């Protein structure tokens, strides 16, 4: 019989597990952000109600970008800075900041703490955790600083020096963090034909969406005269290949579906630029140069698929992740070919990884279904026949929340309070769910002492 001390230790380990700490960190930051955004000094148009403050804080911390009030006109400059800080924290991750300050204050971390960082941010071990954190912060703030400079050069003639600098900082951070918050009510629609602005935002989104590990690997191999050259890891090859395929195919489909609709009156270079912009931003960034509410149903469905897939592991984006999607396709293809194992780029995918990919997709799909059904029910309670036509916008909203994207057909501010709570829960689950699952796997699994007899079940 276990002693009370043993039971107490086990309870403390479960209570302070990495996944619980991560979720608690996000929840605490959202609570603080909600409280701050409800202060009168944060708003120009009156005090923000609780549900709207909670929605905005959750969207910022989860780097989603869905908004119920206009960020540029409703919030004061102080309120906008609070949102900027919240989305920066959310982009880097609560665990990164917590571990970074823990290292500064204590000068050391536990082995379990190192495993938490490695599992969440990288796929290979780092012995010097302090160096890893420093490099991540330098990469993040360096990319945002370069983005700020490039955007300031593009904004200064129209907005003036100080205002252009502020707008550049805000949109550079929002772009790199794949947050989608904009100080313009129409996002980047007025800059649809401005190549410097669009290309800068697209580059920041891609850098933030690829993740620190992949960018580092590519950067190291670009250094000339290296004594040792090793090919990219399987993880990086899958991320780069999948990202390139999704960006290209998404842009092509967007152009084919919209060249006679939302792109019809635009010149060809702007059509191509807008197609690539929307393909890139749909994978968790949330900006737009084309009004989303004017897109065809087929285009909205393509964007839903891109939003569901999302960015890459260890990045600032959400979704099921590019590697998960590719492994899922590889497993299906291997099964159809009668192969016992899933292979890609001359490597075999371990069975636990393949199972985790399938479970991640199933969990995300289930969350989207539940959220969509709840929103449709809540929005259709008034018996209005027009509510029957809102299924696709509701599905779009739910997937946007799950993938922490921020694109919307325009229904977000019109949602009922209970629907807003559903979106809040979906954003939170979409942001911390995959990470919490990964961190929970660090725990020691229960020893399997026996196996049940096998029996076949009819499939298909």
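From the set of residues in region 319-357 that are under 22 Å from the mean Cα position of the chain (by Cα) and assigned to a loop (DSSP other than H, G, I, E, B), which is farthest from residue 398 (Cα to Cα)?
Looking at the filtered set, the residue picked out is 321.
Tell me yes or no: at least one residue of region 380-387 is within 30 Å of residue 182 (Cβ to Cβ), assigned to a helix (DSSP H, G or I) and modelled with pLDDT under 85.
Scanning region 380-387, I find at least one residue that is within 30 Å of residue 182 (Cβ to Cβ), assigned to a helix (DSSP H, G or I) and modelled with pLDDT under 85, so the answer is yes.
Can you name the condition, by its number, that residue 305 falls short on among (1) within 19 Å of residue 394 (Cα to Cα); (2) touching a residue at least 24 places away in the same chain (Cβ under 8 Å)?
Evaluating residue 305 over (1) within 19 Å of residue 394 (Cα to Cα); (2) touching a residue at least 24 places away in the same chain (Cβ under 8 Å) leaves (2) as the failure.
Among the helices (runs of 4 or more DSSP H) contained in region 1-77, which hold 1 or more residues that are modelled with pLDDT of 85 or more and surrounded by fewer than 18 Cβ atoms within 10 Å (Cβ to Cβ)? Working first, answer last.
Values: elements: 4-15, 18-37, 50-61, 71-74.
In region 1-77, 18-37, 50-61, 71-74 are the helices (runs of 4 or more DSSP H) which contain 1 or more residues that are modelled with pLDDT of 85 or more and surrounded by fewer than 18 Cβ atoms within 10 Å (Cβ to Cβ).
Just one of (1) modelled with pLDDT of 90 or more; (2) in a loop (DSSP other than H, G, I, E, B) trips up residue 370, so point out which.
Unmet for residue 370, out of (1) modelled with pLDDT of 90 or more; (2) in a loop (DSSP other than H, G, I, E, B): (2).
Determine, yes or no, whether residue 311 is within 22 Å of residue 232 (Cα to Cα), crowded, with 21+ Cβ neighbours inside 10 Å, in contact with a helix residue (DSSP H, G or I) (Cβ under 7 Å, 6 or more places away or on another chain) and without any contact (Cβ under 8 Å) to a residue 24 or more places away in the chain. Lay out the reasoning, then the answer.
Working: within 22 Å of residue 232 (Cα to Cα): yes; crowded, with 21+ Cβ neighbours inside 10 Å: yes; in contact with a helix residue (DSSP H, G or I) (Cβ under 7 Å, 6 or more places away or on another chain): yes; without any contact (Cβ under 8 Å) to a residue 24 or more places away in the chain: no.
So residue 311 fails the test.
The values are calculated or read from the model by the stated rules, or taken from the named source; none is laboratory data. All figures in this text were calculated on a predicted structure; none of them were measured in a lab. Cβ coordinates were reconstructed from backbone atoms using ideal geometry, including for glycine residues, and neighbour counts include every protein chain displayed.
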